[in-house]
Structure formats: C-alpha cells, structure tokens
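The values are calculated or read from the model by the stated rules, or taken from the named source; none is laboratory data. Keep in mind it's a predicted model, so treat the numbers as computed, not measured. Every residue, glycine among them, receives a Cβ derived from its backbone with ideal geometry; neighbour counts consider all protein chains shown. Side chains are part of the model used for accessible areas, which takes the heavy atoms of the whole protein and leaves out ligands, DNA and RNA. Shrake-Rupley method; radii C 1.70, N 1.55, O 1.52, S 1.80 Å.
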Number of protein chains: 2
Amino acid sequence: MNQDYIIPNAWSIIEEGFDVDRVKSSESIFSIGNGAMGQRANYEEHYSGPTFQGSYIAGVYYPDKTKVGWWKNGYPEYFAKVLNAPSWIGIDININKEQLDLFSVKKVEDFRRELNMKEGWLSRSFKVTLQNDNEIQVEAKRFLSLDLDEVGAIQYAITPLNCDADLVITPYIDAGITNEDSNWDDKFWNISNLAVDGQQAFIEAQTMKTDFHTCTFMQSECFVNNQNAGLQPQVIKTDNKISLIHKISIRQQETFTIHKFGGYTSDRNHNKTELISAAQNALNNAVDSGFAEMLEKQKQSWANIWQMADITIDGDIMAQQAIRFNIFQLNQTYLGTDSRLNIGPKGFTGEKYGGSTYWDTEAYCIPFYMATKDDKVARNLLEYRHNHLEKAIKNAEKLGFRNGAALYPMVTMNGEECHNEWEITFEEIHRNGAIAFAIYNYYRFTGDYSYISEKGLEVLIGIARFWHQRATYSTQKNKYVILGVTGPNEYENNVNNNWYTNYIAKWCIDYAVENIDKIEAEFNSDYTRIMNKVKLSETEISDWRKVADNMYFPYSEEHKVFLQQDGFLDKEFITVADLDKSQRPINQKWSWDRILRSPYIKQADTLQGFYFFEDDFSTEELESHFDFYEPFTVHESSLSPCVHSVQAAKLGRMEQAYKFYLRTSRLDLDDYNHEVHEGLHITSMAGTWMSIVEGFGGMRVKNDTLSFNPQIPEHWKAYSFKVNFRNRILKVTVDRKEVKFQLKSEEELQILVNDDTVILQPDKLVSV
Amino acid sequence: MNQDYIIPNAWSIIEEGFDVDRVKSSESIFSIGNGAMGQRANYEEHYSGPTFQGSYIAGVYYPDKTKVGWWKNGYPEYFAKVLNAPSWIGIDININKEQLDLFSVKKVEDFRRELNMKEGWLSRSFKVTLQNDNEIQVEAKRFLSLDLDEVGAIQYAITPLNCDADLVITPYIDAGITNEDSNWDDKFWNISNLAVDGQQAFIEAQTMKTDFHTCTFMQSECFVNNQNAGLQPQVIKTDNKISLIHKISIRQQETFTIHKFGGYTSDRNHNKTELISAAQNALNNAVDSGFAEMLEKQKQSWANIWQMADITIDGDIMAQQAIRFNIFQLNQTYLGTDSRLNIGPKGFTGEKYGGSTYWDTEAYCIPFYMATKDDKVARNLLEYRHNHLEKAIKNAEKLGFRNGAALYPMVTMNGEECHNEWEITFEEIHRNGAIAFAIYNYYRFTGDYSYISEKGLEVLIGIARFWHQRATYSTQKNKYVILGVTGPNEYENNVNNNWYTNYIAKWCIDYAVENIDKIEAEFNSDYTRIMNKVKLSETEISDWRKVADNMYFPYSEEHKVFLQQDGFLDKEFITVADLDKSQRPINQKWSWDRILRSPYIKQADTLQGFYFFEDDFSTEELESHFDFYEPFTVHESSLSPCVHSVQAAKLGRMEQAYKFYLRTSRLDLDDYNHEVHEGLHITSMAGTWMSIVEGFGGMRVKNDTLSFNPQIPEHWKAYSFKVNFRNRILKVTVDRKEVKFQLKSEEELQILVNDDTVILQPDKLVSV
C-alpha cells in the first residue's frame, strides 16, 4: 500500500484536505462516467497547478501514427487511441477581480471531495482565502446522467463569507485540447462551427482522419439564494472556445449558484447534420428537468444497478469500500447497451494503453457482466469480436497466415491491430484463445447456444485455423510445437512452447470441432450457411485434429509440473520473498533482459490455464502448480492477484486469498503500482469481483448446474452477492455460521452447495 | 544482381547516360571522402529531382533523442548520429537567365560520371539543351584532398556550344541543412557567424547539445579560356547561406571555368576561437597550390595508399573493379590517423545506422587495416575501445552488473550506447567478445604485446567480469548457461545458450586469465599498476574459471554439430534453396515472428565462431557445420558472404567461394539488397578483402608464422595482394600455375606455404 488518504466509507470515496501532490491521483480516482462518456475529476474552475485534463466520448478515437524505434514488417500504421474530447465542464470564477484558482489562493480549508457511488455523483466543497483576503465558501456537485446519457450536470455554489462580492462567472466550452500521449504532437480535432443560441452554446468539431463529428454543448442557469437571477450573458468566441460571461454582485453570506448542463452529441448516434438540434433537444430535456430532478433520476438509475450488482461486506470497511469502487467504475465505463463499444483498460480515466479492447475483456470482464446484467450485455461483447472477424483474418494475413485463419488484435479500437512491440503484437497470440474461451464461458453460464450457431462458430473456425497453421512439427519431439510466443507472463518473450498457449490452442481446435459436429447435427441450416461461407473440408478438420491430438506440452518429471515454457528450468530460482525489496517492482528497476532471464512471473500464466480449464486438473495438481509458480510471481500486472486469489481460496488458503483480494480491490485506491495518476485499472476491477464470487463464494457452473463452495475471510462477519443465472436472480449471503440463498425467479433452481444438491424455491430463503 | 549500369573498368567506377531513377543510387556509389570528411556525390549545380544530400565531418555528431514505441528501462536517452554538415560544394549556374538543373532541362546528352579510384577524384561531364535551346557542355571534377584534409576542390567548366552566354555563376556555402533521419525533425545546428573577407566566405555553426564548433568555408577563382577573369563577386548573405554572385558574358565555344575550394575546420582540431583563421590558412594553402597542383598531390597520395593496399585480379574485370572499389571506400572512410575516430557502417555515404561504431570494426575491419597499413592504425582502433572502457562499465551498470564489468555498446559514437531495441541493445552481447578477440588478433598478427600490457588487459578484465556475471548456473544442466541473448544471427532473438556467445564468453575469460598470468610474470610494473586499479582478487579469478570451465555448449548427437542455440532443432527445416523465391529477402517479406521461428540465418553465427577459433576445430568439423548451417543461411546481412567465402575456400569449394566473393564485393555496385541509395556498406568491404587474402590466398598466422594456402578461382588468370606483416611487406601473386612471393624487408622472413616452410629473402622473388 502506497497511499492512504482515501477515507474509509461503505458507499463513498472521500478525500479530505487539499494537497497539490494528490491532485492528479484524485483526478483519476474520482473520475465519473456513464458508459457513453466520461471524465477525470478535473476542477470546474481554473487550476494552474499540475493536472491531467481528460474528457472522453465512448467510441470516438483517433488513429495516431505509430511511433517505433525500428520498423518491423507487419507493424500497424496507426495506433487508434481514446481521444481527449472538448471539455464542457469549465467555469471561470472571478471574485472581486481575482480569479479563483486553488493553486494560487492564500489558503484552502475544509477541502472535501466525495464520490458517492450509491447515487452516482461527485462533490467538492472548500473554503478559500483569496490573495485579496476575501473568504469564499464553494460547494460543487456534478454527475453524468445515466438517464440522458449525452448530458452531464453541474451545480456550483459560491458564498462570500467576509465580504460582498462582484462576481464574474464564465461557463465555457473549450475544443482547444490535446492528448498528453500524442505520438507526434499532432492536432486531433478540426473545429468547424461555433454557435450560440440564447443561453445555449455549441462547438462542432470533427476528429482528423477518423472524421467523427461531434457537438459539444452547454447551457447555464444562475441563481442567487435559489432565486433565478435572470442574467443575460455576454458572449465571447475565440477559434476554439465559447465563453458566456455572467456578471453579478452579491452580498456577504448570499449564495450564488450556477447550474451548468453540458455534454456531447455525435454522429455515432445522430445524423451529422443534426448534431446541434440533437444537442438542443438534450439541453432542453435537461433544463426542463432541472438539476434536482435529474439528480433524483440519477440516484434511481444507480439504485437499479446496485440492486443487481452490489456486494456487501460486513466487518471490513476497507474491503467494502473497495469492492463497491470496483463495481461502480466498471458500470461507469461500460453498461453493455452498445455492441460497438468495449471496455478499455483505463476506461474514461486516462489515455494510457490508448486502444480500447484487450483480451482483458474476454478473460476478466465477461464473467462480471454475465452475472450482474442481462445476458445481452455479455452477448454484445461477443458480437463485438464477431463484427471484427474479417479484420482479424486480414490481421493474420499480414503475418503470413491464409485460408481464413484469424488472429485477433492485441489492442484495438475498430478491429485493427494497434500495438507495436513485436514480442506482443506478433507473439502474444494466446489472446486468440481467450476470445474462443469466452464463447464457451458464455454458453456455459447463460445456456444460450444461439450465439454459437448464429455467429460464434465462424469465430471459432477462424481461430482454429490460426492455431493449426501456427503450430509447426518438430521432428525432434515428434509433436507439434508453437515456437516464438509470449505467454500471459509478459516477462518472458519469444519463448517456445508456452504451456498455456499450447494448451489453449489445442482446446480451441477441439472446441471448434465439437461445435461443428453439434451444429451439423442440431442446427443444419446454420451449418450449411456457415460451411458455404468458410469452405471448410473434412480434410482440413482432420489436419486440425492432427495438431490438437499431437500438441506438445512441456513437463518436468522432477518437479511434476507443466513447464511455463521449454527453457524455464534453466533459470536461477530465487523466490520473490528472497529478492531484495530494493529491486521491486522489477519492471521499474531492471533492464528488460534481466527481467526476461529471471524466473519472475508478471501474472498468472500456467495458473491462468488452471483457472480456465480447472476441470481438467485435480486440486492436488492445482496445488503443486500453485506452489511451484506463485513464489516466483511478482504480480506486477493488475490482472494477477485476482486469479491467484480465486485459486488460493480453492486451496483453502484463505489468509493468502484475502491478501490477494485486498491487493486487487484497492490497487487504485491505495495506488500499489505508483501510477494511479495515469488513470484507473478498469478491466482488472472485474477480477476483484471474481475474487469474491468465484474465490470466496466458490461459484462455478458444473454440468449445467450453478455450484458454490462458500468460505469467508477471517476478518469478515458476512458478505453477500447476487448473480443472474439464466434469468434467475440468486442472492447469496455468507456469514461465519451459514450460507443463505434467496432466489428471485418464477421457477425453482437446483444448485450445488459444497457438491450437495440444494433445490431453491422462488422467494424462499434457504440456509445451508 | 539487381542493377548493372556501372561500367566495368579496372580503376574507375563509370556511369554513362542520365537517368533520374539512378541519381540517389549513384550519389552513394560515387561518394568521396578523405577520412576527415566525406560527401555523397551530389551535384554542384541546382538539382530539383529526387536527391539525398549529404556532407559529413568525421567525429561531428548529434545526440538525437531516442524514439521508441514503448520505453524499457536501460534504453539510451540519445542516439548519437552522424550529422549532415553544412554544404560547401554548391554552385548555382545561370545561363542566359535560365538556371541549370538537370531535372528540368530539355535534353541531357553524353552524361558520364567517373570515380577514378587510382587518383582519387570524381568527374562528371554532359551536354544539355536548355529550355531556351541553348546547348551547353559541362565538365566538372572534384576531390577531397588527402594532403590538406580540411579542403576539397572543384573545377567546373561551362562551354556554350550554340550561343553566346550571359553567365551568372554563384558558388555558395549553405548551413540550412537537415538530417533525413532526424527522429523528431529537430534542428541540429546553431549558426553563429556568417563572414566574408574578399573572395573568402565563412559560416560558423555549432551543433546543438554536443556543441561542436565548425567553420564551413569557400573561395573561388574564375577563368575564361584558362585566363583568370578577375571577377569581383557580389555578396548575398541570408540567415544560413553565403552566396558570391559572379556575372560574366562569354562567346559561343569559349569556356568559363570556376575553381572552387571549400571545406571545414572544427574545434576537434583547432581552438574554437580560431576556426576562421584556420580556415583562411587552409584556403590560402589550397589557392596558392591551385587546382592542378592539388590534384597532382592527390594522385600521389592515392598512389601511396594503393602501393600497399592494392589487389590485382587478372582475367575478371568485374572482380577487379569490385575489390578496388571496396579498398578505395575503406580508405576514403578511415585512414587510421585519429584514435578518436572509427569506421561507420555507412562511412560518409549516408545516415542510416547513425552511430559510428559497431562490432564490425573488430570482427571485420581490423584484419584489413592491420595488413595494409602501419600497426599503429589497428592499434588506434583498439585504443578507441580502451578510451571508452569507463563508459562500457557504466553501460553494464545500467543493466545491473557491477564490480567493473564492462559491456561495450552495440552502436556508439562516444562510448555511450545508442541502440534502442531491447533484443539488440541488451541481448546482442557477443559484441563484447569481438572486442576482446581483436586484441588477441592484433597481437597475433603484429606481435606487439605492448598494447595488452599497457592498455588491453584492463579491457580484457572488464569483459571477463561481464561474462562471469552474465552467465548463470543451471541446476538442470549442471553447467553455466547464458540465457536471453541474440547471437550474430539477428534472426533469432532472446534465445538461450547461443553457441557462439557461450564459446566466445568462455574464450574471453580464458584469454584474460592467460594474459593476467603472463603480465604478472613478464611485466610486473604493469601488473601492479593494473591490479591496483581494477582490484582483482584470486578468488574472483577462480570464480571466473569456474564459469569458463563449466560453460554449457548445446550439441546435437544426432547431427554431430554444435547447436546455434538450445531451441534450434525444434524448427521446421526447409532449406533456402527450397524456399519460394517470392518470399525473399525474408526481412522485407515476413513479419518478425515468422523470421524468428524460421531456421533462416541472417549471417554466420556458429560459423562465425569457427572463423574466429578455427584452430580449435578440424576441417571435418568445419565441413559438417558448414553443411549443416549454410543451407539455411539467407545472407541478408552484408557481413555474411565474406565469412562463408573464406570457409568455402578452406573446404576447397572454390566455385561457391567465388560466388560469395562476387556477392560481397559487388554488394553495392550491383545493389543486391535494394538499398544502395541509403549509402554504402563500408564495414563489410573489409570482409571482401578477407575473402581474397584469407579465403583464396589462405593467409593465416600459425604459431607466430605467416602462412598461406593459395587457391585461385576458375575464372581468374592471376591475382596479387600485399600484406604488411610485422613491418615486412610481402607481395603474393597467385596464378594458375604457381605462387610468387616477393619480400620488401631488411630481414628474411620464414613463412608457411601449404604447411611447408619457405624462407624468403629480401627483394628476392620466390616461386612455389
């Protein structure tokens, strides 16, 4: 744990006291979003200190020209990156001729920031003493509406405490923004139109190259002591900014309040000629409702989300705060209503990693969304990949594959590869496996086979073709080998026969064949349609089988474990515990070669395979592999602790499981990795959910039946979670004595608890 | 062979006919240099077509900010690169109000370019028809003086053939230049002073960051029909350019000639406040001599070089032209008089590879310079590395080594690492071995031990320390292993136990220990001085020995060969001959992962070890390794064919040896790699020399004795070369019947010819 200023609270993230060194960190942690847009917790008023400004519109990206030291064939020309959008939150505050700026005022007192996760709003209050000795109280609150998802609302109130005040209040919209991580300091936006209509202002801007059309808009209302002040603003337009200047004088202890509504319309959802009229509609809806009514609706919308997604933890406020923070941020990032969108590793909280979609989605996020939302949401995530199948085939062709072999990109926004390190882009190919596994996982959990017969099989075939072509025959081993890969442990590059990769490659082929057979037997018209499209012959399938049936798996007879890769045992084995602390984290302390030849593992690799394919191995095998690999695991990926937490729990090592849980759940709140200022780790937050539900709760699907093996960490009195299993909502409550199940459904549900069958009746509480 | 416009000629490189598509290629091939500066064969007059302008001053570089996709710890902050210097060759020609520009004239006839290697000059002649139908004959000649190495001279003559001509002739110096390969389009030069003094003009400019001070200068004389025209020029200065405008009218068939002298002085050789006065001296010397006398001296200087360095080939004009081109370019690049300089892979002919020094110098260039020049030249190249020892120790520290371990940079200008690909920078560590090997090779050839006792031992100790620390103990193999390296074959990255690397690592330790013992016994005061400095204990030496004595060498019992690396045999073995031609060169056709998992070898790797450590292996072993590896070698490095040529010759496969010879010697003239426009491959040119002297001539040093096993390619009538062996000059002539030796020395010399002892007397011709 590396920072500890976040105040423990069950439903809110709270910061007290103003500290310039925490501003960027808090801008990340207090980020807000509504799935359609998001923003870092930048201040509304001017701030001249160190800050990282960020506003983002879901799906609006820019293909930044790739930057590399030395070009390699096959590298992508462009890196699609989340684009910093024009900002609509700004309000310049001038009090008796002095600009309000927390960095330059004489004193800041009673600074408090709260992100209320239950109700979905962010507030800030403080008292400042200006250089002119005016003392001012400020109270600000804002949210991005879930209900009107193009609009956000701000309430900003100013009370002069020791003086009368001539106020100049200037809400503005500003399109003169850049990305911090622009590769070449390119300009990303063309501004085409600045318009003002009464109290409403609009800037139309288009992204360069991708030509997304957007309109950024705002409208304000001013009040003095809650009475509309009826101010007529003066309009100032520059090349890229519209400011509406409001002047008013108020008395000491009177309160001036501005309600500012703003947001974006874009041609992703509207005709590009109608962006201003759509913006006017959105503003009119917002202003007609007013701030208070919108906020009420916001509370209701979040209540609906929490109703299904909440996890309660009794007796451990830090853990409770953390799990809600993770669930809250996941829902702020992705709500699952738009199959063109996906879950970026940093969501709407930063720019790093640019492109939106990694294998994180399939490996870590889908279980959370499957269990806490309607099936359609997970299905949307699967369809996202189906929509990109043609591009995955093109991507594989760039690397020399043919005949419809598909390699999904490591990082993508639109289906095209965006990453540019050869050892990742070309070699971290196990990502293809996670995409197939998610199809299996979706069917296993939801029971909805229609996705596979309608769309998924084509994806499975493209992936099976890739693995078949990618494996080569080793005469020496008399087996098929997969040479030159990077496994989930990115601290080894270009290794041969990464066990995880080989295992999932074989599984992908087997699973594709199994589904071809099933669809041929049970969905014949789908079968004919798909086979006509993909031109798959029996000979080709039997060639696949040859590879799958003769895949090589490195194994150590001495240690009785599968080897992470062929050369693993040649390393010098000093455990992480024996490694000098001054050398950690190794990715910040060591040169890359040293990391690569070390035994240290960034995140679950062989153990990731044991997580996905748990049923293929005994608990004893899991234990021996866990004991062999975990001591060399540095967990320097945000995706590492969660899988280890689930497995430690399975092995009954609850103390260790709990430690991993805390590390995954408070990764950002406590800034374990010293980088929270760059943004939050959104995708790994779904792993936190896993740690509780699959780890402590022991939830699995076994032979089509939902199963639990609940345990409880020593520090907890009780915890509860809900899952939506095939449209039956099940609430599970675990305390130190018993486990309670409550089913919301019209039908009964048969489950397994510690491998015993339990039949749950609708609305009846069952204790076990 | 991919281009064939160079006209065969024993002493000259000749191009006939004007072709815009060949301009950049010829700019490289016809480059001139004098060791202190060099320039591409750009035109003096304006040229608006595609061109790659380049003038370079030896040792003047710029640390360009590193560009990478993803930063890794240990990467260099800066990439020192050869800097495009201000140009002094420009002469604008205006005839009857039309600018002479070969790209826009109506017609170019009788275009001829000659690089006279015997005499060291470049000429160009052509007849143009201007758009105004004026027909003009132009004859231009220029050279960079070996004698006055800060000065170059141009003679440029214009004869109007069908008209009288109002000429405006404007020689200029121009500091407004950029590097084509600038990473960030940075400006590299600050211009501080533009001065004109009579006919002399000067621009003082400093490099940014490195702060090299330079003065670019010029002076001209004008003649009509060889009579000094006494013209007073008009001076035009802009921010970065000085032009001297000369106006004169001449009659049809009269010839106007301008002699332009120019060049650079720099604070590498002068006090920075005296650059202009040094330039004035240089100009005065040049002008006093005049163009004709300077040219005479140039011929003499080149005759002196050729006297020692020439290789004659009888009966194969292409081979003769090629070897002279290689020898000529090597001498244009590096003359060995300045130990601060080294041999850049592109010399003064382009920008690619930026930094000046690679392991090419030690592995390929030193034998050539040792044999064709005074010992001091090779010693200077060794001292260059000794001078950089402290920086090599710092470089190793960056990668986690300690206690004086030295890792020499992969690419450097000033001793600091410049390369930024982890698989090269951090892993292609065998370079350290070549640097130690060169010390051994120098002593073996010259018999001069003083370098080792005075300086070399410190380098050997730093390198031995590196290998000792870099090897790790594998309990599985019960041997020391070297994990995560890139061998000379850069088409495999991050492999374990590259045989060549392991072999040279062991050798380095053994050789360091051997020399420590020898110096302790024979040079005790050196021993004490060095040991006091490096603090080397007996324990440390015995730890080194443990590593050297227990080094692991991968070996295939099945194939009876040492394996290039641990995983080599798992590959799919399709020979280069069976690889579809459309896939070649693989580095332009395949993605990097595909190259890495293929069996294809870029350049000699295991065979490089057999080349360096020939005496450790039998000819049968060489043969089996050659037969195992060469069929998978694509020779896509310029350094590949030469080593294979030497080895094929040793195996008596003269036809194959000859093919490799042609490929190495005409690599640039015939543009095998489709990249000659970027510059020449200077360092590999020394490999061409090896192919003849060590390959066909079979020259070795065996037990302190010079030895020959001469053979002759079928296509040749005879060939001859000279070597300077320990200050005795030996000329060797091989024809189809016999081998003749002629010794220039005061003492006799005992040599081996086909393993028989032959005693040569001074000035006596001996036939064998």
Restricting attention to the stretch A:588-604, which residues are within 10 Å of chain B (Cβ to nearest Cβ) and farther than 18 Å from residue A:675 by Cα? A:591, A:592, A:593, A:594, A:595, A:596, A:597, A:598
Matching option when the condition is in a strand (DSSP E or B), farther than 23 Å from residue A:328 by Cα and within 14 Å of another protein chain (Cβ to nearest Cβ), among A:110, A:64, A:92: A:64
Return yes or no: is residue A:395 open to solvent by 10 Å² or more (accessible area, probe 1.4 Å), without any contact (Cβ under 8 Å) to a residue 60 or more places away in the chain and under 26 Å from residue A:490 (Cα atoms)? yes
Being touching a residue at least 24 places away in the same chain (Cβ under 8 Å) and open to solvent by 80 Å² or more (accessible area, probe 1.4 Å) is the filter here; which residues of the stretch A:723-741 pass it? A:727, A:736
Name the residues in the stretch B:651-681 that are among the charged types (D, E, K, R), surrounded by fewer than 22 Cβ atoms within 10 Å (Cβ to Cβ) and not in a helix (DSSP H, G or I), would you? B:653, B:670, B:671, B:675
Run down A:720, A:637, A:707, A:624 and say which single residue is assigned to a helix (DSSP H, G or I) and either open to solvent by less than 40 Å² (accessible area, probe 1.4 Å) or touching a residue at least 12 places away in the same chain (Cβ under 8 Å) (or both). A:624
So which residues in the stretch A:625-663 are farther than 25 Å from residue A:580 by Cβ and under 19 Å from the mean Cα position of the chain (by Cα), if there are any at all? A:639, A:642, A:643, A:661
Residues that are surrounded by 23 or more Cβ atoms within 10 Å (Cβ to Cβ): find the helices (runs of 4 or more DSSP H) completely inside the stretch A:548-617 holding 2 or more of those. A:592-597, A:606-612
Testing residue B:256 on (1) open to solvent by 40 Å² or more (accessible area, probe 1.4 Å); (2) closer than 24 Å to residue B:162 by Cβ, one condition comes back false. Which one is that? (1)
How many residues does the stretch B:415-445 hold that are open to solvent by 10 Å² or more (accessible area, probe 1.4 Å), more than 9 Å from chain A (Cβ to nearest Cβ) and part of a helix (DSSP H, G or I)? 5
Spans of helices (runs of 4 or more DSSP H) in the stretch B:331-414 with at least 3 residues under 22 Å from residue B:425 (Cβ atoms): B:375-387, B:389-398
Going through (1) more than 27 Å from residue B:749 (Cβ to Cβ); (2) surrounded by 20 or more Cβ atoms within 10 Å (Cβ to Cβ); (3) without any contact (Cβ under 8 Å) to a residue 40 or more places away in the chain one by one, residue B:697 fails only at (1)
Being open to solvent by 20 Å² or more (accessible area, probe 1.4 Å), closer than 30 Å to residue B:163 by Cα and of a type in the set (S, T, N, Q) narrows B:234, B:300, B:280 down to just B:234
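Let's see how each residue does on (1) closer than 25 Å to residue A:263 by Cβ; (2) surrounded by fewer than 19 Cβ atoms within 10 Å (Cβ to Cβ); (3) more than 28 Å from the chain's Cα centre (by Cα):
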residue: A:36; (1), (2), (3): yes, no, no
residue: A:62; (1), (2), (3): yes, no, no
residue: A:77; (1), (2), (3): no, yes, no
residue: A:110; (1), (2), (3): no, yes, yes
residue: A:118; (1), (2), (3): yes, yes, no
If residue A:125 satisfies all but one of (1) farther than 30 Å from residue A:328 by Cα; (2) surrounded by fewer than 17 Cβ atoms within 10 Å (Cβ to Cβ); (3) among the hydroxyl-bearing types (Ser, Thr, Tyr), what's the number of the condition it fails? (1)
May I ask you to list the residues in the stretch B:79-100 that are more than 30 Å from the chain's Cα centre (by Cα) and open to solvent by 10 Å² or more (accessible area, probe 1.4 Å)? B:92, B:94, B:96, B:97, B:98, B:99
Over the stretch B:713-722, the set of residues under 27 Å from the mean Cα position of the chain (by Cα) and closer than 12 Å to residue B:655 by Cβ is B:713
Taking the stretch A:36-63 as the region of interest, how many residues are at pLDDT 95 or above and on the phi > 0 side of the Ramachandran plot? 0
Scanning the stretch B:645-676 for residues that are charged (D, E, K, R), over 18 Å from residue B:352 (Cα atoms) and touching a residue at least 24 places away in the same chain (Cβ under 8 Å) gives B:650, B:655, B:663, B:666, B:670
Quick one: is residue B:269 open to solvent by 30 Å² or more (accessible area, probe 1.4 Å), touching a strand residue (DSSP E or B) at 6+ places or on another chain (Cβ under 8 Å) and under 21 Å from residue B:288 (Cβ atoms)? no
Check on residue A:496, within 10 Å of chain B (Cβ to nearest Cβ) and open to solvent by 30 Å² or more (accessible area, probe 1.4 Å): yes
For the stretch A:520-533, name all the residues that are crowded, with 17+ Cβ neighbours inside 10 Å and assigned to a helix (DSSP H, G or I). A:526, A:527, A:530
Collect the residues in the stretch A:572-587 that are within 12 Å of chain B (Cβ to nearest Cβ), in contact (Cβ under 8 Å) with a residue 24 or more places away in the chain and more than 20 Å from residue B:475 (Cα to Cα), keeping them in residue-number order. A:585, A:586, A:587
Could you go through the stretch A:403-414 and let me know if any residue there is open to solvent by 30 Å² or more (accessible area, probe 1.4 Å), in contact (Cβ under 8 Å) with a residue 12 or more places away in the chain and under 20 Å from residue A:516 (Cβ atoms). yes
Of all residues making up the stretch A:348-383, the number that are of a type in the set (Gly, Ala, Ser) and open to solvent by 10 Å² or more (accessible area, probe 1.4 Å): 1
Count of residues meeting criterion [of a type outside the set (S, T, N, Q), in contact with a strand residue (DSSP E or B) (Cβ under 8 Å, 6 or more places away or on another chain) and open to solvent by less than 20 Å² (accessible area, probe 1.4 Å)] in the stretch B:1-34: 8
Assess whether residue B:479 counts as being within 14 Å of another protein chain (Cβ to nearest Cβ) and farther than 25 Å from residue B:597 by Cβ. yes
Residue match in the stretch A:66-75 (condition: free of Cβ contacts under 8 Å to residues at least 60 places away in the same chain, closer than 30 Å to residue A:340 by Cα, out of contact with any His (no Cβ under 6 Å at 6 or more places or on another chain) and open to solvent by less than 10 Å² (accessible area, probe 1.4 Å)): no
